[in-house]
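Heads up: the structure comes next, in structure tokens.
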């Protein structure tokens, strides 16, 4: 079912959605934002009705320039969840370079919308070039910018160590209103292959914290970054404690 959904979505995106944005360039952002949210809500409906998953309602984050969204990373479902949570906007998501190839819907979106990419395993010159491109996007984008600062998933769904170089570049680019999204319940279904079964075991949760003002791009961001991670850790611990209390 998941393979059919992604394949059909990729085809519609290529032959209908993107040609429509070329014909109506002034409405490009609005069209793509609606398309992204439509895809996400359709995916969630399939997971709920067919798979039996407990998927929470998306959060509410305003769209527009100067919005930075930081989210913990448990599963591929983190991406549609953040897309569905932002009002009326097409997002720019900082993405691993390898995702720009061979993933239906996702790879075409990364290339067409020119998502900033990173590659933690790249050589120094390549890494520097990616970070410079990210700085440029952060300075100039009118769309909300999304970053998963852990850079990778943990095996138990806890918040991992932040890989701070990308976030440092983003914070140095401009003032931001920062929203912290904390998700839980998806870490056992982290990859596309896990969607083949066991969806009924998903008991998802999403918290939206913020906005938190960042208004000094020239300042050392170390303490602010630590504060953002502490917010994630504390909220995830609160959510898990509440779930354990209900289960008892």
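Over 19 Å from the mean Cα position of the chain (by Cα), surrounded by fewer than 20 Cβ atoms within 10 Å (Cβ to Cβ) and modelled with pLDDT of 80 or more: which single residue out of 8, 53, 30, 3 fits that description? Lay out the reasoning, then the answer.
Values: 53 fails: surrounded by fewer than 20 Cβ atoms within 10 Å (Cβ to Cβ); 30 fails: over 19 Å from the mean Cα position of the chain (by Cα); 3 fails: modelled with pLDDT of 80 or more.
Going through 8, 53, 30, 3 in turn, the sole match is 8.
Here is a list of conditions, (1) out of contact with any helix residue (DSSP H, G or I) (no Cβ under 6 Å at 6 or more places or on another chain); (2) assigned to a helix (DSSP H, G or I); (3) at pLDDT 95 or above, and residue 243 meets all of them except one; can you say which number that is?
Going through (1) out of contact with any helix residue (DSSP H, G or I) (no Cβ under 6 Å at 6 or more places or on another chain); (2) assigned to a helix (DSSP H, G or I); (3) at pLDDT 95 or above one by one, residue 243 breaks only (3).
Can you find a residue that is without any contact (Cβ under 8 Å) to a residue 12 or more places away in the chain, surrounded by 14 or more Cβ atoms within 10 Å (Cβ to Cβ) and within 17 Å of the chain's Cα centre (by Cα) anywhere in the range 35-49? First the steps, then the outcome.
Our first condition is that a residue be without any contact (Cβ under 8 Å) to a residue 12 or more places away in the chain; within the range 35-49, this holds for 38, 45, 48-49.
Keeping just the survivors that are surrounded by 14 or more Cβ atoms within 10 Å (Cβ to Cβ) gives 38, 48.
Next, only the ones that are within 17 Å of the chain's Cα centre (by Cα) stay: 38.
Taking every residue of the range 35-49 in turn, at least one turns out to be without any contact (Cβ under 8 Å) to a residue 12 or more places away in the chain, surrounded by 14 or more Cβ atoms within 10 Å (Cβ to Cβ) and within 17 Å of the chain's Cα centre (by Cα).
Test of understanding: among 66, 88, 59, which residue is at pLDDT 85 or above and at positive phi? Steps first, please.
Numbers: 88 fails: at pLDDT 85 or above; 59 fails: at positive phi.
Exactly one of 66, 88, 59 is at pLDDT 85 or above and at positive phi, namely 66.
Can you tell which of 216, 201, 230, 175 is at pLDDT 95 or above, more than 24 Å from residue 91 (Cα to Cα) and out of contact with any helix residue (DSSP H, G or I) (no Cβ under 6 Å at 6 or more places or on another chain)? Even if it seems obvious, please write down each step before you answer.
Values: 216 fails: more than 24 Å from residue 91 (Cα to Cα); 201 fails: at pLDDT 95 or above; 175 fails: more than 24 Å from residue 91 (Cα to Cα).
Only one candidate qualifies: 230.
Listed residues 150, 168, 132; which is in contact (Cβ under 8 Å) with a residue 40 or more places away in the chain and assigned to a helix (DSSP H, G or I)?
Details: 150 fails: assigned to a helix (DSSP H, G or I); 132 fails: in contact (Cβ under 8 Å) with a residue 40 or more places away in the chain.
On inspection, the qualifying residue turns out to be 168.
When you look at residue 110, is it free of Cβ contacts under 8 Å to residues at least 24 places away in the same chain and either in contact with a strand residue (DSSP E or B) (Cβ under 8 Å, 6 or more places away or on another chain) or surrounded by 15 or more Cβ atoms within 10 Å (Cβ to Cβ) (or both), yes or no?
On the way: free of Cβ contacts under 8 Å to residues at least 24 places away in the same chain: yes; either in contact with a strand residue (DSSP E or B) (Cβ under 8 Å, 6 or more places away or on another chain) or surrounded by 15 or more Cβ atoms within 10 Å (Cβ to Cβ) (or both): yes.
Answer is yes for this residue.
Any chance the range 51-63 includes a residue that's closer than 25 Å to residue 136 by Cβ and in contact with a helix residue (DSSP H, G or I) (Cβ under 9 Å, 6 or more places away or on another chain)? Let's see the steps before the verdict.
Step one: of the range 51-63, the residues closer than 25 Å to residue 136 by Cβ are 61-63.
With in contact with a helix residue (DSSP H, G or I) (Cβ under 9 Å, 6 or more places away or on another chain) added as a condition, the list becomes 61, 63.
Checking the range 51-63: at least one residue is closer than 25 Å to residue 136 by Cβ and in contact with a helix residue (DSSP H, G or I) (Cβ under 9 Å, 6 or more places away or on another chain).
If residue 82 satisfies every condition in (1) crowded, with 21+ Cβ neighbours inside 10 Å; (2) farther than 25 Å from residue 154 by Cβ but one, which is the exception?
In the conditions (1) crowded, with 21+ Cβ neighbours inside 10 Å; (2) farther than 25 Å from residue 154 by Cβ, residue 82 misses (2) alone.
The values are calculated or read from the model by the stated rules, or taken from the named source; none is laboratory data. Note that the coordinates shown come from a computational prediction; the quantities given were computed from them, not determined experimentally. Here Cβ is always computed from backbone atoms with ideal geometry, including for glycine, and neighbour counts include all displayed protein chains.
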